[in-house]
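Remarks on the structure that follows.
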Amino acid sequence: MAGMSYVQRLRHWALKTNQSHKSVSWILDIIRSGPAPENLPRSAKTLLKTSKTTTAKILGIPGGKYWYKGIANSLSHVLKDMHVPNSISLNMNVDGISVFRSSSTQFWPILVSIHEMPKISPMPVAIFCGSKKPLCSASFLDPLVAEIKGMAENGVWLNGNRLNVSVRAFICDSPARAFIKGVANFNAKSGCQKCLAEGEYSHDARTVVFPVTAGRKRTDEEFRAGGYGNHHKSRSPLLQIPNFDMVEDVIIADRLHLIDLGIMKRLLKGWRDGSLDGSLASNMTPKITMDTKNVPLYKDSASPRHASTKKKKKRCKLRINVFWLFSQATSRVRSISILFDSTNQRCSR
Ligand SMILES: [Zn+2]
């Protein structure tokens with residue numbers, strides 16, 4: 001904070017520590033009750049430079065409220081006065097985030113990053129807020145798709161120059177991917193978004209399993225013709241995006257749902273509870289817990305939970321258990337590694 005003024009340091013502290021307006025106003029009152037700098041703002045809004053104008057309206061759509069800022073608006077704000085290539089391609093992300101611990105309120109933001117300018121942070125171009133995901137993909141995605149179509153024709157004017165903008169890919173987790181494409185979920189029998197492999201229900205595993213590691217590839221042409229039966233659930237607004245491949249351009253890179261919460265959770269619960277062959281010895285569960293607690297975490301990971309808990313396992317815990325199990329050179333681990341390898345390779349392009 002060297003070189004910052006008193007007020008700048010105060011603003012820096014408030015923003016870095018996510019202080020509420022109420023807390024900041026309180027602190028300002030306390031400071032003002034003594035000998036305070038003359039330029040000390042009177043309100044939290046002035047100190048934090050909170051915008052007095054909203055850049056987009058909040059609309060009601062099925063399931064909640066929707067704020068659409070827009071891609072062009074975001075690009076103009078972020079790229080002003082920067083040297084920008086003539087053409088850029090965008091990576092799009094849609095996901096659901098719980099906002100509070102004590103309520104089901106969640107945000108579904110649409111984020112955009114510029115593939116050619118990776119140092120620029122992803123930009124929120126729209127946010128849905130509701131008690132669950134948007135009820136209708138059309139009302140959620142239509143404004144985005146309409147803007148993308150407009151940009152494909154007219155580009156975006158930036159610093160007096162035309163910027164050509166295209167969509168490179170949608171990068172989402174498995175539930176969001178199925179939602180935006182209007183297709184069956186990843187755990188449905190026809191849920192694979194990349195190939196025609198049909199799953200079948202396993203009463204032992206109590207889930208859908210795929211007996212083959214890859215079927216014939218799905219194609220954009222067949223998808224657009226609606227040729228995949230139960231795979232299609234609703235008509236996706238993404239179909240209107242120019243030069244967009246519905247199969248290739250919605251990529252699969254979702255370790256959380258497919259590996260950590262998918263296979264790993266199923267295996268650990270099965271071995272712990274004895275519903276799978278070769279259950280863990282009773283003294284193994286506390287050993288797994290001890291060993292995983294000693295594994296250094298990524299800085300974005302939460303603390304591992306106890307392996308014996310029957311509550312929902314979180315990704316970090318399950319991921320670490322993967323590391324633990326791989327570190328044990330048993331025949332079981334070798335069989336898992338084959339399973340993981342096949343899952344990673346199956347349809348992950
Ligand atoms: Zn597949």
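Can you say whether residue 240 is away from the ligand (no atom under 16 Å from the Cβ) and within 25 Å of the chain's Cα centre (by Cα), as far as the supplied structure shows? So residue 240 fits the description; yes. Checked across segment 25-40, the condition of being touching a residue at least 12 places away in the same chain (Cβ under 8 Å) and either of a type in the set (Gly, Ala, Ser) or in contact with a strand residue (DSSP E or B) (Cβ under 8 Å, 6 or more places away or on another chain) (or both) holds for at least one residue.
Apart from one condition, residue 131 fits all of (1) within 16 Å of the ligand (Cβ to nearest atom); (2) surrounded by fewer than 19 Cβ atoms within 10 Å (Cβ to Cβ); (3) of a type outside the set (Asp, Glu); the exception is (1). If the condition is being among the β-branched types (Val, Ile, Thr) and in contact (Cβ under 8 Å) with a residue 24 or more places away in the chain, then segment 55-94 contributes 61, 71, 78, 84, 88, 94. Contact annotation: residue pairs with Cβ atoms under 8 Å, 6 or more positions apart or on different chains, pairing a residue in segment 248-269 that is part of a helix (DSSP H, G or I) with a partner that is among the acidic types (Asp, Glu), are 256/173; 257/173.
Please tell me if residue 166 is touching a residue at least 24 places away in the same chain (Cβ under 8 Å), surrounded by fewer than 19 Cβ atoms within 10 Å (Cβ to Cβ), assigned to a strand (DSSP E or B) and away from the ligand (no atom under 16 Å from the Cβ). Yes. From the list 205, 214, the one residue that fits, being within 11 Å of the ligand (Cβ to nearest atom), surrounded by fewer than 18 Cβ atoms within 10 Å (Cβ to Cβ) and touching a residue at least 40 places away in the same chain (Cβ under 8 Å), is 214.
Starting from residues that are part of a loop (DSSP other than H, G, I, E, B) and among the small types (Gly, Ala, Ser), keep the ones in segment 173-202 and report whichever is nearest to the ligand (Cβ to nearest atom).
197
Taking the criterion of being modelled with pLDDT under 90 and within 30 Å of residue 161 (Cβ to Cβ), no residue of segment 103-112 qualifies.
Taken as a whole, the structure places residue 152 among residues that are of a type in the set (A, V, I, L, M), in contact (Cβ under 8 Å) with a residue 24 or more places away in the chain, away from the ligand (no atom under 16 Å from the Cβ) and more than 23 Å from residue 257 (Cα to Cα). The single condition among (1) farther than 24 Å from residue 239 by Cβ; (2) assigned to a strand (DSSP E or B); (3) in contact with a helix residue (DSSP H, G or I) (Cβ under 9 Å, 6 or more places away or on another chain) that residue 120 does not satisfy is (2).
Residues that are in contact (Cβ under 8 Å) with a residue 40 or more places away in the chain, under 21 Å from residue 137 (Cβ atoms), in a strand (DSSP E or B) and away from the ligand (no atom under 12 Å from the Cβ) do occur in segment 218-232. Which is hydrophobic (A, V, I, L, M, F, W, C), farther than 26 Å from residue 108 by Cα and surrounded by 18 or more Cβ atoms within 10 Å (Cβ to Cβ), of 197, 176? Going through 197, 176 in turn, just one is hydrophobic (A, V, I, L, M, F, W, C), farther than 26 Å from residue 108 by Cα and surrounded by 18 or more Cβ atoms within 10 Å (Cβ to Cβ): 197.
Criterion applied to 24, 94 was being within 26 Å of residue 143 (Cβ to Cβ) and of a type in the set (A, V, I, L, M), and the one residue passing it is 94.
The values are calculated or read from the model by the stated rules, or taken from the named source; none is laboratory data. Predicted model, so just to flag it, every value in this text is computed and none were measured. All Cβ positions, glycine included, derive from the backbone under ideal geometry; neighbour counts span all protein chains shown.
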